[in-house]
Amino acid sequence: MKRVFLIVLDSCGCGEMPDAEKFGDRGVNTIKRISRSPYFRAENMLSLGLGNIPGLEFLGKNASPLGAVARLAEKSAGKDTTIGHWEISGVISEKPLPVYPNGFPEEVLSEFSRQTGRGVLCNKPYSGTQVLKDYGEEHLKTGDLIVYTSADSVFQIAAHEEIVPPEQLYEYCRIARAILKGGHGVGRVIARPFKGTCADDFYRTPNRHDFSLEPPAETVLDAVKSSGKTVYAIGKINDIFAGKGITEYVYTSGNTEGIELTLKALDKDFEGLCFTNLVDFDMLYGHRRDIDGYAKAFAEFDERLGEFISKMRADDILMISADHGCDPGYLESTDHTREYTPLVIYGKSVAPACFGTRRTFADIAATVADWLGVDYECEGESLLKLRAAEEKLCAAAVEARKKAYAPYSGYSVGAALLCADGSVYTGCNIENASFTPTVCAERTAVFKAVSEGKRSFSMIAVAGGNKEKVDGAFPPCGVCRQVLAEFCPPDFPVLLVTGEKSFKKYSLSELLPESFGPSFMQ
Ligand code: THU
């Protein structure tokens, strides 16, 4: 019975993305910031390999981690909770959710008034309590609805419970939800019922209700659900997905209860996904710029993680990640921060690894689908499949090495090049009595592929040395690096086989920084 436990540490980013400045963020790194607090603890996360994630090495690298890790870039143009979770689940958003610093446009409000039969007051970003003081009495007199927004993508409707009963207010929210689609697709429409008699004693009742935007495309949650498996949502996951693709859900009062319920879910018998959001990191500590509070919450999670791991079954996979950053030491704003997120995967059948920096959070969706055996197409790549492909390519390089013609040096080298279409070209070094015509294994592989019409490559593995068995990395020479740079991007993975089933992974730009290439010849 295969299960995935996916835990989102809300806002636990691990360093600014290259485009952070466009989002108003500079020098942000949520995990780095909290790691300097005396309350920060991460023993369990470090044992899984947290410190092996690019940019988090200062936490201490672990030579024999128990888990597989990666740093994930956010491909979507956003840094909010909704877009972050959708991308984790396989859906990329080209545009951020709309915000309305000057209020909603006339076309939206006139349609809203036409369908509700009520006028609109306020229509500005406003504090939820102040808006009642400033517009509550006029609402009582006229019955017009108080519509306001915030820095977030929200359309909020406040109404007195005696003028507009909550059920009626929810109906108005559904009307707004139906209007606010496409370009005006706000993240949430929120009902804000209140009571009281005058400006001084108006108060909000607990009948608040959120009407979220449905994900714009099929997520891995939908795919898991339609395959007949369980999708159990803990915390605000159900709201983020507007209930889509979820079979069971429970809301929580915060991190402690979220962790507790996820631990309990381990004891349940089900096949599928348990998806938890731990919101306190963001809501209580990130936005409030409380570094020590954030660090304590992280320490609490880390401590309970030990318990979690010890209870996991053989067919369970745990994935821990985040949806964006919210650096509590960044004082230019109290907003989220545009960051990479960490991904930590642990399971008895998951080989420890570091996948470097990945292009999208959607690798999580692809990995979930892969592990659960569910069909789901997205822009992400399954890291379990990737690991298997890496091992296969290394084995092909070791095999190719057997063909090496190296009577003069005694060093035999093999290379295996994976093309984007899935085909593999191998090569070996071919020496010559006059020495200089000698060609390396990597170039043999690249030239074989190129001469067969291949131009797009996914990774290369290299194995070499003068012993029968590979015993340590045999890195490509400068000329081979230059040849690779002609056809491959800077983040092209180069796997150096170090032994039986072991390899070291570099990006081409690590091996050849600032390389000369085709772009200089245009
Ligand atoms: N060699 C390779 O095949 N690839 C490299 O990138 C480094 C060197 C071969 C060439 C020669 O046959 C032997 O290793 C010793 O230099």
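The values are calculated or read from the model by the stated rules, or taken from the named source; none is laboratory data. Computed from a predicted model, the values in this text were never measured in an experiment. In this analysis, Cβ positions are derived from the backbone assuming ideal geometry, glycine residues included, and neighbour counts consider all displayed protein chains. Accessible surface areas use protein heavy atoms only, side chains included; no ligands, DNA or RNA. Shrake-Rupley method; radii C 1.70, N 1.55, O 1.52, S 1.80 Å.
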**Prompt:** Given the C-alpha centroids of the stretch 373-435 and the stretch 135-153, what is the distance between them in whole angstrom?
**Reply:** 64
**Prompt:** Helix 383-401 versus the longest principal axis of the chain: what is the Cα-based angle in degrees, 0 to 90, to the nearest 10?
**Reply:** 10
**Prompt:** Accessible area of Ser253, 1.4 Å probe, to the nearest 10 Å²?
**Reply:** 100
**Complete:** Inter-part gap, Cα centre of the stretch 463-486 to Cα centre of the stretch 492-509, in whole angstrom, is 10
**Request:** Could you list, in their original order, any pairs among Lys95/Lys236; Lys236/Lys264; Lys311/Lys392; Lys225/Lys268 whose Cα atoms are separated by more than 27 Å?
**Result:** Lys311/Lys392
**Prompt:** Using helices alone, what [θ] at 222 nm do you get for the chain, with -39,500 (n - 2.57) per DSSP H run of 4 or more residues, divided over all residues and rounded to the nearest 500?
**Reply:** -9000 deg cm²/dmol
**Request:** Keeping all protein chains in place, calculate the accessible area per residue for the stretch 279-334 (probe 1.4 angstrom), answer in Å².
**Result:** 37
**Message:** Tell me the accessible surface of Leu512 in square angstrom (1.4 angstrom probe, heavy atoms of protein chains only), to the nearest ten.
**Reply:** 40
**Prompt:** In the stretch 271-368, what GluC sites (Glu not before Pro) fall in a loop by DSSP, with at most 12 other Cβ atoms inside 10 Å?
**Reply:** Glu332
**Request:** Using +1 at the Cβ of each Lys and Arg and -1 at the Cβ of each Asp and Glu in the stretch 391-521, identify which of Tyr405, Cys488, Ser434 lies farthest towards the dipole's positive end.
**Result:** Tyr405
**Request:** Run the dipole for the stretch 391-521 about the Cα centre, Lys and Arg Cβ at +1, Asp and Glu Cβ at -1, nothing else charged, and hand back the magnitude in debye, nearest 20.
**Result:** 240
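Return the carbon/sulfur percentage of the accessible area of the chain, one whole number, probe 1.4 Å, all protein chains in place.
Carbon and sulfur atoms account for 51 percent of the accessible area of the chain.
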**Prompt:** Roughly how many nanometres apart are two label points built 7 Å out from the Cα toward the Cβ at Glu107 and Ala63?
**Reply:** 6.4
**Of all DSSP beta bridges in the chain, antiparallel share, percent nearest 5** = 50
**Request:** May I ask for the angle, rounded to the nearest 10°, between helix 106-116 and the longest principal axis of the chain, with both axes built from Cα atoms and the value confined to 0 to 90°?
**Result:** 60
**Request:** Might you work out the accessible area of Trp371 for me, using a 1.4 Å probe with all protein chains in place, and round it to the nearest 10 Å²?
**Result:** 30
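With every protein chain left in place, what is the accessible area per residue of the stretch 348-423 in square angstrom, probe 1.4 Å? Kindly include the intermediate steps, with their values, before the conclusion.
Values: 3430 Å² over 76 residues.
On a per-residue basis, the stretch 348-423 sits at 45 Å².
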**Prompt:** Under a 1.4 angstrom probe, counting protein chains only, how are Asp269, Asp280, Asp316 ranked by accessible area, largest first?
**Reply:** Asp269, Asp280, Asp316
**Message:** Could you give me D for the chain, from Stokes-Einstein at 20 °C and 1.002 mPa s, where the hydrodynamic radius is the Kirkwood radius over C-alpha pairs? Units µm² s⁻¹, please.
**Reply:** 84
**Message:** Within the stretch 255-290, list the residues whose amide N lies under 13 Å from a label point set 7 Å along Cα→Cβ of Leu331.
**Reply:** 289-290
**Complete:** Computed about the Cα centre, the charge dipole of the chain from +1 Lys/Arg and -1 Asp/Glu charges at the Cβ has a magnitude in debye, to the nearest 20, of 1380
**Complete:** Mean accessible area per residue over the stretch 106-212 (1.4 angstrom probe, all protein chains present, square angstrom) is 46
**Request:** Could you tell me how many degrees, from 0 to 90 and to the nearest 10, lie between the Cα long axis of helix 166-179 and the main elongation axis, the longest principal axis, of the Cα atoms of the chain?
**Result:** 50
